[in-house]
Amino acid sequence: MKYNIDTIDKSEYQEVVEVWESSVRATHHFLKEEDIIYFRPLILNTYLDAVTLRCIRNENKKIVGFLGVAEQNLEMLFIDPNYRGKKIGKTLLEYSIDQMEVIKVDVNEQNEQAVGFYKHEGFEVIGRSELDGTGKPYPILHMELRK
């Protein structure tokens, strides 16, 4: 299936956060409930405005996957769990590399599926941080696209 990449309007941020939360609950089993509650308003009120957003929609125009890019860094890539395995993540990642010049991504080390996905797509680990960007004890792998 061929997917169209679309822009996201600020009025759709709540829908984006719902995709983020369902995706995180399906893939980030290491997070505690209070972490999800902590991050939800940050995503909605701060993080989404700090990135260039793109999405893929289903036939009903509902957002089923999205990404956020800032300064050649893929800051977020989340897929509705009902749409995983349909090449939406791969399509968004390829778009971010080809059209948005992405060369870096930071990944939760404990999200082994994501680490494997990025390695398969040509990224390699170039560093590691013990804490995430908010100081929480979730190690981050810094990855860069192989030349």
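The values are calculated or read from the model by the stated rules, or taken from the named source; none is laboratory data. Computed from a predicted model, the values in this text were never measured in an experiment. Heads up, the Cβs are rebuilt from the backbone with ideal geometry, glycines too, and the neighbour counts pull from every protein chain shown. Heads up: the accessible areas ignore ligands, DNA and RNA and are worked out on the full protein's heavy atoms, side chains in. Shrake-Rupley method; radii C 1.70, N 1.55, O 1.52, S 1.80 Å.
Structure notes:
- Where the chain is the region considered: accessible area per residue in Å², 1.4 Å probe: 56 Å²
- Rounded, prolate or oblate (a/c below 1.5 giving rounded, otherwise prolate when a/b exceeds b/c) for the stretch 81-147 by Cα gyration tensor: oblate
- Three-way shape label, the stretch 27-103, alpha-carbon gyration tensor, a/c 1.5: oblate
- With θ taken as phi - 60° and the Karplus curve 6.51 cos²θ - 1.76 cosθ + 1.60 applied, the whole-hertz 3J(HN,Hα) list for the stretch 45-61 is 9, 10, 5, 5, 6, 8, 10, 8, 9, 9, 8, 10, 10, 7, 5, 9, 6 Hz, x standing for glycine and proline.
- Put simply, when 98-106, 30-38 are sorted by average Cβ atoms within 10 angstrom per residue, most first, you get 98-106, 30-38.
- Zero-based 10 Å bins, Cα pair distances in the chain, whole percents: 11, 44, 39, 7, 0
- Taking the Cα atoms of the stretch 1-70, the ratio Rg/Rh between the radius of gyration and the Kirkwood radius comes to 0.98.
- The relative contact order of the chain, computed from alpha carbon pairs under 8 Å that lie at least 6 residues apart in sequence, is 19 percent.
- Overall form of the stretch 21-60 per C-alpha gyration tensor (a/c, 1.5; a/b vs b/c): oblate
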